[in-house]
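Remarks on the structure that follows.
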Amino acid sequence: MTEEVINKLPDIFKARIGTLKKASYDNENHVYMSESQMKVILFDKIPKSYAKNTNCPNVPASNDALYMSKDDDWYFIEFKNGSVDKADLYRKIYDSLIILLELGLMPDYSCIRGTVNYILVYNSEKYGKIQASKARDMNFDYIMRLSDQEEQLFGVEKFEGYLFKTTHTYTKRLFEKNFVIPMEACETSGDLRK
């Protein structure tokens with residue numbers, strides 16, 4: 001996020017600015033899923049204060065990061081370095097959107113559908129679609145690298161047009177290529193990404 005965008009943020013967000021690298025940290029395995037120093041809101045730090053301020057008995061789940069571009073597109077980003085539990089993923093999606101609504105940052109779902117995008121970044125080396133086979137995994141990884149295409153996984157595509165403007169499931173490499181590099185270029189060049 002640019003300084004201009006950060007300066008317009010509400011205090012609850014300003015207090016939780018960090019890097020994409022920090023947001024991508026996997027506490028269990030002690031690894032980062034991104035090395036980008038791009039600034040984001042560490043959204044997973046919001047629910048605790050939200051629950052306290054609203055007297056909510058349970059702390060909601062949340063996505064890892066929220067990025068706001070200069071052209072007013074918002075991007076929820078969730079990093080998954082291991083297995084993906086759809087129920088947990090969906091709860092994070094719904095709880096994060098409820099937080100935006102209740103904090104008054106979005107007036108309604110129609111505004112969310114026109115503004116907020118969703119990106120799930122997963123570790124393709126740890127996500128097993130079928131029974132593990134080293135040769136099959138090598139072939140699949142090779143083909144996916146050659147095709148350089150996004151593969152819609154985990155059912156997040158069903159939220160596109162319903163809750164989000166767009167949805168994406170990216171490997172770490174595709175996330176870098178399709179999101180990080182273009183956004184960093186946009187921030188430094190002054191051009192709007194369309």
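The values are calculated or read from the model by the stated rules, or taken from the named source; none is laboratory data. None of these values were measured; they are calculated from a predicted model. Here the Cβ is made from the backbone with ideal geometry for all residues, glycine too, and neighbour counts use every protein chain on show. Keep in mind that these areas ignore ligands, DNA and RNA; they rest on the heavy atoms of the full protein, side chains included. Shrake-Rupley method; radii C 1.70, N 1.55, O 1.52, S 1.80 Å.
Considered as a group, the residues in segment 1-13 that are open to solvent by less than 20 Å² (accessible area, probe 1.4 Å) and not β-branched (Val, Ile, Thr) include one that is nearest to residue 38 (Cα to Cα), and that residue is 1. Taking the listed residues 43, 79, the one that is of a type outside the set (Lys, Arg) and either touching a Cys at 6+ places or on another chain (Cβ under 8 Å) or under 17 Å from residue 17 (Cβ atoms) (or both) is 43, with no other qualifying. Exactly one residue out of 91, 16 is open to solvent by 80 Å² or more (accessible area, probe 1.4 Å), at pLDDT 95 or above and at negative phi, and it is 91.
Among the residues of segment 50-85, those that are closer than 27 Å to residue 30 by Cβ, open to solvent by less than 30 Å² (accessible area, probe 1.4 Å) and among the hydroxyl-bearing types (Ser, Thr, Tyr) comprise 62, 67, 75. Within the option set 97, 101, being in contact (Cβ under 8 Å) with a residue 60 or more places away in the chain, part of a helix (DSSP H, G or I), more than 18 Å from residue 170 (Cα to Cα) and of a type in the set (A, V, I, L, M) holds for one residue only, 97.
Note on segment 34-76: residues that are in a loop (DSSP other than H, G, I, E, B) and without any contact (Cβ under 8 Å) to a residue 60 or more places away in the chain total 14.
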